[in-house]
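Presented below is the structure to which this report refers.
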Amino acid sequence: MVDAPVSGGVAGAEAATLTFMVGGSEEAFARAKPLLEAMGRAVIHAGGPGTGQAAKICNNMMLGIQMISVCEAFVLAERLGLEHERLFEIASKSSGQCWSLTSYCPVPGPVPQAPSNRDYRPGFTAAMMLKDLGLVQQTAQQAGSATPLGAMAAQLYRLFVQQGNADLDFSAIIRFIRGERPAG
């Protein structure tokens, strides 16, 4: 028995490029690895039972926080008159570089495969991000670990989802940060 959550979303599943975060004994990992390798490009043994799930929620907390920071930067840049393409060009080659920017940019244009270029049709829904951030907060509380940015990210995604955006991609939170109201 292993726990083996994934990262890579729908596109990763379709292309068999998922990353598997595997928790379980060395023996169980060795038995599961060939099966998982058929579906993904990276199969990483995280440690004993439960550590695959621990890696997943920690990874998704970073992702949720990073996406919000990227969205805030783009909204600020818009208000300061800096074009999306210029901010992307600079930040993607500077210390602001992260996956949320270079692979999943929340504004249309710079990353052609990003959901922002498909009216935020999801690869990973806002509801799923909220679920994972909720798991992070529950687990952090049980572990006695402070996650103030994770808590704030969960609160922002909760408000975003409550406004009727659950089925949009999680990168659509840029609309919330801009102060846009949902259509309809």
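The values are calculated or read from the model by the stated rules, or taken from the named source; none is laboratory data. None of these values were measured; they are calculated from a predicted model. Every residue, glycine among them, receives a Cβ derived from its backbone with ideal geometry; neighbour counts consider all protein chains shown.
Things to note:
- Within the range 93-112, none of the residues are of a type in the set (K, R) and either in a helix (DSSP H, G or I) or surrounded by 15 or more Cβ atoms within 10 Å (Cβ to Cβ) (or both).
- Among the residues examined, L63 qualifies as surrounded by 18 or more Cβ atoms within 10 Å (Cβ to Cβ), in the same structural domain as D169 (by TED's automatic domain parsing) and touching a residue at least 12 places away in the same chain (Cβ under 8 Å).
- Flag for F88 being in contact with a strand residue (DSSP E or B) (Cβ under 7 Å, 6 or more places away or on another chain) and among the aromatic types (F, W, Y): no
Every residue, every condition in (1) more than 26 Å from L159 (Cβ to Cβ); (2) in contact (Cβ under 8 Å) with a residue 12 or more places away in the chain, yes or no:
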{"position": "G40", "(1), (2)": "yes, yes"}
{"position": "P49", "(1), (2)": "yes, yes"}
{"position": "A73", "(1), (2)": "no, yes"}
{"position": "L76", "(1), (2)": "no, no"}
{"position": "S95", "(1), (2)": "yes, no"}
{"position": "S103", "(1), (2)": "no, no"}
{"position": "P112", "(1), (2)": "yes, no"}
{"position": "D119", "(1), (2)": "no, no"}
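- Subset of the range 24-49 [of a type outside the set (A, V, I, L, M, F, W, C) and either modelled with pLDDT under 95 or under 20 Å from the mean Cα position of the chain (by Cα) (or both)]: E37, G40, R41
- Output for the range 138-184, where each listed residue is among the small types (G, A, S), without any contact (Cβ under 8 Å) to a residue 12 or more places away in the chain and assigned to a helix (DSSP H, G or I): A140, A143
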